[in-house]
Amino acid sequence: MKVVNTDIVIIGAGGAGLRAAIAVAEADPTLNIALVSKVYPMRSHTCAAEGGAAGVVKESDSLDYHFNDTVSGGDWLTDQDAVELFVNEIPKELTQLEHWGCPWSREDTGKVAVRPFGGMKIMRTWYAADKTGFHMLHTLFQTSLKYSSIRRFDEFYTTDLMIDDGVCRGCTAIEMRSGEMTLFLGKTVIICSGGAGRIFPFTTNGAIKTGDGMAMAYRAGVPLKDMEFVQYHPTGLPGSGILLTEGCRGEGGLLVNKDGYRYLQDYDLGPPDPWPRLKAMELGPRDRLSQAFYHEQKKGRTIPSKWGDVVHLDMRHLGEKKINERLPLVRDLSRSYVGADPVTDLVPVRPVVHYMMGGIHTDINAATPMSGLYAAGECACVSINGANRLGSNSLGELLVFGARAGRHAVEYVKTVGTLEGDARIEKQAGDAESRIKSLFKRTGGKQRVAALRRDMNMTLEEGCGIYRDENSLIDTCTRIADVRARYRDVRLEDKSNVYNTDLYQTLELGAMIEVAQTVAISALQRKESRGAHQRLDFTARDDENYLKHTMAFYNPNGDPRIDYADVTITKSQPAARVYGGAAA
Ligand SMILES: Cc1cc2nc3c(=O)[nH]c(=O)nc-3n(C[C@H](O)[C@H](O)[C@H](O)COP(=O)(O)OP(=O)(O)OC[C@H]3O[C@@H](n4cnc5c(N)ncnc54)[C@H](O)[C@@H]3O)c2cc1C
């Protein structure tokens, strides 16, 4: 087996991975970095982010306002020390990106422009038209090219973490071009592998968002935190699940039901005091808007379409000039995928899974409980998002905590002397390779990847979607456990070595099933409603019993073990989460 000796292994070359790599290279140019990614960096999901990144920049705004919006938006499940650090750091990170060349959209005065975003009660979202992630990722990627200590391994699929005596020392990865296994051996690993929206059938997430890194850490004994909190975005295109950014509503787009009625006015999302408010309603937080869709559907006020029920996004009054200038991608996507031009037509939309608030448990330095293992970006749960992430906080999170992971990994590496145990790790890598090879040798496997994936997807959507209850969750857990058992008999159709997509989809499915199980079991055990986790049988928030983080621990042969951890509260005591006249 090929061995790559390095100091720091970074898994994932999206926004978080690239930011971490740059931070390491800047903090200590003598350290070698292996940046391993299953796709070419610019194909990472960060590239698809449209709307923007929030950070305080205007005089009318303040760090406290951003803090308060984030903590209440997360229904008080956020760790407030992490949120405080985040809101303080993010303006510096966004300015740093500007210096590296990110073309932020400007006002006529030349100052950075900001747009309204859901749940942000003040305009503070920086953007680059509606292609913010694309420009941010380009900026990070081109900056990373300056550093010779960053060695890239594009199209390497990582399979297992290598752990010796409780310390993470690297990982194994398959070079997709040749099918050969490589051992990356170092002193520390930073996982930046992104989210897992693909466990659901309708999602804005790219096909690569399959929770591989979450599953790797979980199988190695690191808990996955708050997995029951899955964000639905209210405006996905039906059929494909492609996102129409919240920027559509930020620029003035309206949501209407089958009668052309702005139904959100019935859901307590109006503009409250004492903030210098924006008109709320369409700019309410994503959880509440997605829940409103569910109620409209129950009342028979949604619109049937060939893709299932939808509501309409009306942007016609914005005019062609503004749409072309601010929302060019939205216009392209709507025309191409649902045949509706926002300039002249109503665009059909529905809630689709967008983001996982939960992830690999880390502290505010991005360190996991395992020595030598860090995690940042969407795969991690630090937690600044709590029970519901506010739109445009995620791009900031990957910058702030990606950089932090890199810097703290450097500090950690300095404390590590000469490590022994390379032979033991090589043996572990050999075992990982044998497990993959056994998939090739297996004959008579009866289960097909596509069928298992469909069963997992539909099970989650039906029983663990926008609303859940005891019965639906018990059913989900049983069916996911069944899919997990059937996966043991999965059949690999393609036995070749070169770009064997069948193999990678099989491995991705294995990761997704583990992640799906943590989502369902964590949801079953949280008997309250909070943020994106809404129970029809426990409709109120229950701070007395559930103001705590769920921790799911891996169990190879059964359901994950669930434990709980305290939430860090510093200056904002839990209160009613108010957007309109009253708390909903
Ligand atoms: C359509 C869309 C629009 C969005 N818009 C916004 C927005 O406007 N504002 C905002 O704040 N947030 C937005 N988000 C959320 C935000 O973009 C993501 O949360 C964020 O970009 C995730 O970044 P990341 O670096 O953690 O992961 P990613 O960018 O997803 O990168 C993950 C990396 O991990 C690698 N990887 C994964 N598994 C493996 C493996 N097994 N082996 C090797 N490599 C692996 C991948 O190759 C990739 O390089 C949006 C998300 C979507 C889907």
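The values are calculated or read from the model by the stated rules, or taken from the named source; none is laboratory data. Worth saying up front: this structure is predicted, and the values here are computed from it rather than measured. Cβ coordinates were reconstructed from backbone atoms using ideal geometry, including for glycine residues, and neighbour counts include every protein chain displayed. For the accessible areas, the whole protein counts, side chains as well, though only heavy atoms, and no ligand, DNA or RNA atoms are used. Shrake-Rupley method; radii C 1.70, N 1.55, O 1.52, S 1.80 Å.
Taking the criterion of being near the ligand (Cβ under 9 Å from one of its atoms), farther than 16 Å from GLY211 by Cα and surrounded by fewer than 23 Cβ atoms within 10 Å (Cβ to Cβ), the only residue of the range 28-41 that qualifies is TYR40. In the set (1) away from the ligand (no atom under 13 Å from the Cβ); (2) on the phi > 0 side of the Ramachandran plot; (3) within 19 Å of the chain's Cα centre (by Cα), the condition left unmet by GLY377 is number (1).
Of all residues in the range 1-50, those satisfying the criterion of being in a helix (DSSP H, G or I), under 27 Å from ASP130 (Cα atoms), touching a helix residue (DSSP H, G or I) at 6+ places or on another chain (Cβ under 7 Å) and not small (Gly, Ala, Ser) are LEU18, ARG19, ILE22, PRO41, MET42, THR46, CYS47.
Listed here are the residues, each with its yes/no results for (1) hydrophobic (A, V, I, L, M, F, W, C); (2) within 13 Å of MET120 (Cα to Cα); (3) under 19 Å from the mean Cα position of the chain (by Cα).
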position	(1), (2), (3)
VAL39	yes, no, yes
VAL57	yes, no, no
ASP61	no, yes, no
ASP69	no, yes, no
SER72	no, yes, no
VAL83	yes, no, yes
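Looking at the range 289-299, can you tell me whether even one residue there is hydroxyl-bearing (Ser, Thr, Tyr), open to solvent by less than 20 Å² (accessible area, probe 1.4 Å) and part of a helix (DSSP H, G or I)? Yes: the range 289-299 contains one or more residues that are hydroxyl-bearing (Ser, Thr, Tyr), open to solvent by less than 20 Å² (accessible area, probe 1.4 Å) and part of a helix (DSSP H, G or I).
Against the definition (of a type outside the set (Asp, Glu) and within 16 Å of the ligand (Cβ to nearest atom)), how does TYR355 come out, yes or no? If you could, list the steps in order and put the result at the bottom.
Working: of a type outside the set (Asp, Glu): yes; within 16 Å of the ligand (Cβ to nearest atom): yes.
Spelling it out, TYR355 is indeed of a type outside the set (Asp, Glu) and within 16 Å of the ligand (Cβ to nearest atom).
Out of VAL311, VAL352, VAL330, which single residue is assigned to a strand (DSSP E or B), among the hydrophobic types (A, V, I, L, M, F, W, C), over 27 Å from LYS225 (Cα atoms) and open to solvent by less than 20 Å² (accessible area, probe 1.4 Å)?
Details: VAL352 fails: over 27 Å from LYS225 (Cα atoms); VAL330 fails: assigned to a strand (DSSP E or B).
Answer to the selection: VAL311.
Please report, ordered by residue number, the helices (runs of 4 or more DSSP H) entirely within the range 393-507 with at least 2 residues that are in contact (Cβ under 8 Å) with a residue 12 or more places away in the chain and of a type in the set (Ser, Thr, Tyr). Break it down into steps so the answer makes sense when it comes.
Details: elements: 394-415, 422-441, 449-463, 470-487.
The qualifying helices (runs of 4 or more DSSP H) are 394-415, 470-487.
Scanning the range 355-376 for residues that are under 19 Å from MET227 (Cα atoms), open to solvent by less than 20 Å² (accessible area, probe 1.4 Å) and part of a loop (DSSP other than H, G, I, E, B) yields a total of 6. Residues that are away from the ligand (no atom under 12 Å from the Cβ), open to solvent by less than 30 Å² (accessible area, probe 1.4 Å) and either within 26 Å of ASP332 (Cα to Cα) or free of Cβ contacts under 8 Å to residues at least 12 places away in the same chain (or both) within the range 109-123 comprise VAL112, ALA113, VAL114, PRO116, listed in sequence order.
Yes or no: ARG404 under 20 Å from VAL189 (Cβ atoms) and among the basic types (Lys, Arg)? Spelling it out, ARG404 is indeed under 20 Å from VAL189 (Cβ atoms) and among the basic types (Lys, Arg). With respect to ARG526, is the statement that it is away from the ligand (no atom under 16 Å from the Cβ), closer than 25 Å to ASN205 by Cβ and buried (at least 24 other Cβ atoms within 10 Å of the Cβ) true? Yes: the conditions hold for ARG526.
For the range 210-260, filtered to residues that are of a type in the set (Val, Ile, Thr) and either within 16 Å of the chain's Cα centre (by Cα) or open to solvent by 10 Å² or more (accessible area, probe 1.4 Å) (or both), the residue that is farthest from the ligand (Cβ to nearest atom) is VAL256.
Checked against (1) closer than 23 Å to PHE117 by Cβ; (2) part of a helix (DSSP H, G or I); (3) away from the ligand (no atom under 16 Å from the Cβ), ALA387 passes all but condition (2).
Looking only at residues of the range 156-193 that are outside any strand (DSSP E or B), open to solvent by 20 Å² or more (accessible area, probe 1.4 Å) and not acidic (Asp, Glu), we find that the one that is farthest from the ligand (Cβ to nearest atom) is GLY166. As a summary of the residue check, VAL343 satisfies the conditions (1) among the hydrophobic types (A, V, I, L, M, F, W, C); (2) surrounded by fewer than 19 Cβ atoms within 10 Å (Cβ to Cβ); (3) farther than 28 Å from VAL71 by Cβ; (4) at pLDDT below 95 except for the one numbered (4).
For the range 42-62, the set of residues classified as in contact with an Asp or Glu (Cβ under 6 Å, 6 or more places away or on another chain) and either more than 11 Å from the ligand (Cβ to nearest atom) or charged (D, E, K, R) (or both) consists of GLU50 only. Checked against the criterion of being more than 30 Å from ARG19 (Cα to Cα), out of contact with any Pro (no Cβ under 7 Å at 6 or more places or on another chain), surrounded by 13 or more Cβ atoms within 10 Å (Cβ to Cβ) and at pLDDT below 95, the candidates LEU439, LEU419, LEU473, LEU452 yield just one match: LEU439.
Restricting to the range 51-78, name every residue that is open to solvent by 30 Å² or more (accessible area, probe 1.4 Å) and part of a helix (DSSP H, G or I).
Residues of the range 51-78 that are open to solvent by 30 Å² or more (accessible area, probe 1.4 Å), as a first pass: 57-60, 62-65, 68.
Selection gives LEU63, ASP64, TYR65, ASN68.
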